[in-house]
Amino acid sequence: MMLSRMFAGLLVIAGTMVTPVRAADDDTQAIMMTMRVFQLKVEARDQAGHARLPVLKDLPVVAAVEGEAVRLVVAGAEIDGFLREEAKHCVSAPRVFARSGQSASVEIGREIAVESMQPTTQPGVFRLVPGEPKFEGMRFDVLAEVGKAGSVEVRKFTVKFDQMVGREKVEGTSLEVGAPIMRSRESTHALGLKPGQRAVLTTSALDGSDETLLVVLEAVVVEMPS
């Protein structure tokens with residue numbers, strides 16, 4: 001299952017949710033967070049499976065999840081040219097607002113139909129019965145606070161990636177209707193972003209293909225409307 005199929009057609013942006021965590025020191029300030037998701041084909045990887053993108057080579061690594069192809073770096077204006085060149089590969093850019101000290105969540109992706117083969121009252125005759133659909137895509141959970149001089153302290157940045165890599169076979173039919181075989185990857189990070197900086201997370205496809213998702217998190221302090 002290629003990533004292009006995951007984000008093909010109508011993209012679902014589900015339930016932007018803001019949940020109070022604690023009262024902010026200044027409730028007139030909020031944080032606007034944008035997660036730009038790029039879908040890239042990257043053939044060159046290191047031994048840990050991280051995509052080799054020259055533009056990210058010398059940037060400070062916040063976290064690299066050992067055993068999983070997840071890496072988070074902090075970048076500034078030096079990657080702007082790269083992002084412009086790859087703009088055509090941006091598949092989604094959800095944006096959320098939250099007061100300082102509050103959490104926000106957003107999902108992008110699609111629902112996958114699930115059907116099972118069940119016998120009918122007639123011998124040898126079966127019917128397809130729909131089941132609970134599965135979600136394929138990405139979920140972001142972010143908790144951030146306003147820092148000093150316009151900076152943003154990201155206390156929690158969780159990315160969960162669910163991808164269908166196949167379907168279980170259903171006896172008696174060649175249709176792709178069996179239960180989805182899902183794989184998941186999840187990582188949580190904390191970092192500080194000065195004005196003009198952004199976090200860049202890369203994670204490889206779960207189906208073993210040469211595709212990589214690159215997520216750019218931007219967080220900007222804004223004034224809440226009266």
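Laboratory data are not the source of any read-out in this text; all were calculated from the coordinates shown. This one's a predicted model, so the numbers in the text were calculated from it and none came from an experiment. In this analysis, Cβ positions are derived from the backbone assuming ideal geometry, glycine residues included, and neighbour counts consider all displayed protein chains.
Say a paramagnetic label sat at a point 7 Å from the Cα of A149, along Cα to Cβ; which residues of segment 71-93 have their backbone N under 20 Å from it? Inside the label zone: 74-78. Checking the Cα-Cα distances for K156/K194; K57/K88; K88/K148 against a 24 Å cut-off, the pairs over it are K88/K148.
Each of F82, V106, S92 was scored by the projection of its Cα onto the charge dipole of segment 78-120, and the greatest displacement toward the positive side belongs to V106; charges sit on the C-beta of Lys, Arg, Asp and Glu. Could you pull out every one of the lysines with an alpha carbon less than 27 Å from that of K169, ignoring same-chain neighbours closer than 8 positions? K169 reaches K134, K160.
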